[in-house]
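Working notes, structure below.
The values are calculated or read from the model by the stated rules, or taken from the named source; none is laboratory data. Since the structure is predicted, the reported quantities are computational estimates derived from the model, not experimental observations. A quick note on method: Cβ atoms are made from the backbone with ideal geometry, for glycine too, and the neighbour counts reach across all protein chains shown.
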């Protein structure tokens, strides 16, 4: 075995070792974050009496039965920045929503560093008063956080996941709000060519509302056929979209 061959072999071994380390590290971090939020889901769910016979595996699943009630009181005791909880049935989207802007971009609910972060309400939104609640979440490789928003590119997925439950915690009480998905689109940010959907949180008049809706519909993947009118309260979910540089996947829903 000549010297050059030995050097190449050593380099390959080092590369494989480093790659394996990062793969194992990512897997371990994903598992840790999954466990954290599964534990939180167990804390926040209040099962109805009719649900007591649900098997143990389903109780521990991160896809909760839609008949369950959510109570945010105990979660708010863990972190006072919790202002809500978002859930889309039969998806992994089942998480607390934080208030405090970009602070939770790379922190979990316990304020520890996390590449997953925690979904959070835009800092210029008020959960009680804003016309359009904009919520950000990461698009993770393990399909957690808001990664499944990507599936709204397909109309079939939309038809099977039309509704978003958003529980808010205000004055010590949990309030359930249900939203119906109206528009799904992608755009880019940090450029004049993109749609600055994140600037529309409060509509001063019908013209501004219509402007937001029309720009969103111009980019939509399909027509949901659902009416949306001035005065409707909205929720807008946003995550990264990787088919384009600085892309964003956006889902807009109206309160029903």
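For residue 117, the criteria (1) modelled with pLDDT under 70; (2) within 21 Å of residue 139 (Cβ to Cβ); (3) surrounded by 17 or more Cβ atoms within 10 Å (Cβ to Cβ) hold in every case but one, which is (1).
Being touching a helix residue (DSSP H, G or I) at 6+ places or on another chain (Cβ under 8 Å) and over 25 Å from residue 91 (Cα atoms) is a property that does not hold for residue 209. Every condition in (1) touching a helix residue (DSSP H, G or I) at 6+ places or on another chain (Cβ under 6 Å); (2) in contact (Cβ under 8 Å) with a residue 12 or more places away in the chain; (3) on the phi < 0 side of the Ramachandran plot is met by residue 157 except one, and the failing one is (2).
Number of residues in the range 99-121 that are within 12 Å of residue 83 (Cα to Cα) and in contact (Cβ under 8 Å) with a residue 40 or more places away in the chain equals 1.
Just to check your reading of the model, which residue among 237, 219 is crowded, with 22+ Cβ neighbours inside 10 Å, touching a strand residue (DSSP E or B) at 6+ places or on another chain (Cβ under 6 Å) and modelled with pLDDT of 95 or more?
237
Within the range 186-199, no residue satisfies the criterion of being surrounded by 13 or more Cβ atoms within 10 Å (Cβ to Cβ) and more than 23 Å from residue 147 (Cα to Cα). Does the range 201-216 hold any residues that are surrounded by fewer than 19 Cβ atoms within 10 Å (Cβ to Cβ) and in a helix (DSSP H, G or I), and which are they? Answer for the range 201-216, where residues must be surrounded by fewer than 19 Cβ atoms within 10 Å (Cβ to Cβ) and in a helix (DSSP H, G or I): 206, 207, 208, 210, 211, 214, 215.
Can you find a residue in the range 170-183 that is surrounded by 13 or more Cβ atoms within 10 Å (Cβ to Cβ), touching a helix residue (DSSP H, G or I) at 6+ places or on another chain (Cβ under 8 Å) and closer than 28 Å to residue 33 by Cβ? Yes, the conditions are met somewhere in the range 170-183. Given the condition within 22 Å of residue 45 (Cβ to Cβ) and not in a helix (DSSP H, G or I), answer yes or no: does some residue in the range 147-160 qualify? Scanning the range 147-160, I find no residue that is within 22 Å of residue 45 (Cβ to Cβ) and not in a helix (DSSP H, G or I), so the answer is no.
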